[in-house]
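Scroll down for the structure; my scribbles are underneath it.
The values are calculated or read from the model by the stated rules, or taken from the named source; none is laboratory data. Note that the coordinates shown come from a computational prediction; the quantities given were computed from them, not determined experimentally. Counting neighbours? That spans all protein chains shown, and the Cβs are built from the backbone with ideal geometry, glycine included. Surface areas here come from the heavy atoms of the whole protein model, side chains and all, with no ligands, DNA or RNA. Shrake-Rupley method; radii C 1.70, N 1.55, O 1.52, S 1.80 Å.
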Amino acid sequence: MSESERTPTFWLQWINLKRGKMDTNQLKSSIKSILDRINSQKYKDDHDLLLLWIEYINLEILQNQPYSIINDLFKLLGRSNIGVNHSLLYTTWAKFECQSKHLEKAREILRVAIQSKVQPLNLLQDTLEYVNSIDGSDIPKENMHNVDLLKVTQGPNRRPLQEKLPRSVSLESHFSKRLEESGEYTQSF
C-alpha cells in the first residue's frame, strides 16, 4: 500500500499496534506526523481521523499543555470541518472545557452541536443536561481523565440524569461506554 493510499483507519490500527512500544513523546510525535500526512479534507468526515486527532489532543492534555494550545486544537478541527458531524468531537471538547472550569463554554459547544443535530443527539443532550447540573466546584483540578462528566443512560429512550458517577469511575471509561452504546465509537484510546 502506497503512502497516499493509507487511510485514517490504517493509521489508527498502526498506532494501536505500536502504542505499547512507544513512550508518550514518541506516540505524540508519531500521531502528529500521521496527521500531517493525511489528506484531512478528503477524510474530514472519517471517524478514525477524528479518533487520531482526539488521541493527539489527549496526549497534549496528559503533558499538561496550556489551555490555549488545547483550545486552539479543538478550534482547528472546527475550522477544518474535521469531525463536525460526530458527537465525539463536541463531547470531548465539552469535557475539556468542564475540566478547565469553563462550564458556560462547554454548554455553548453542546448547544451548537444539538442545534446542528449532530448524532447521536441523545449523547449530546445527556452531556448538556449533566453540565447544566454542575456548578464547577465539584470538578477536581487533576487531569481530565478523572472527571466524571456524564451519567450513563440506557437505550434509545433517555432517562433523566439522577446523579453523578462515583469518583471511582473514570471519565474515559464512561465516555467509551456511552459511545459504544450509541454505535459512534469503536476504538479505544
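Structure summary
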quantity: Helices (runs of 4 or more DSSP H) completely within segment 54-138 that count 1 or more residues being open to solvent by 40 Å² or more (accessible area, probe 1.4 Å) and of a type in the set (S, T, N, Q); calculated: 67-79, 103-115, 121-133
quantity: Selected residue (criterion: farthest from L88 (Cα to Cα)) from residues of segment 2-39 that are part of a loop (DSSP other than H, G, I, E, B) and in contact with a helix residue (DSSP H, G or I) (Cβ under 7 Å, 6 or more places away or on another chain); calculated: M22
quantity: Restricting segment 30-51 to residues that are without any contact (Cβ under 8 Å) to a residue 24 or more places away in the chain and either surrounded by 14 or more Cβ atoms within 10 Å (Cβ to Cβ) or in contact with a Cys (Cβ under 7 Å, 6 or more places away or on another chain) (or both), the residue that is farthest from S87 (Cα to Cα); calculated: S30
quantity: Residues of segment 14-23 that turn out to be within 18 Å of the chain's Cα centre (by Cα) and either over 20 Å from I82 (Cβ atoms) or open to solvent by 50 Å² or more (accessible area, probe 1.4 Å) (or both), as a count; calculated: 1
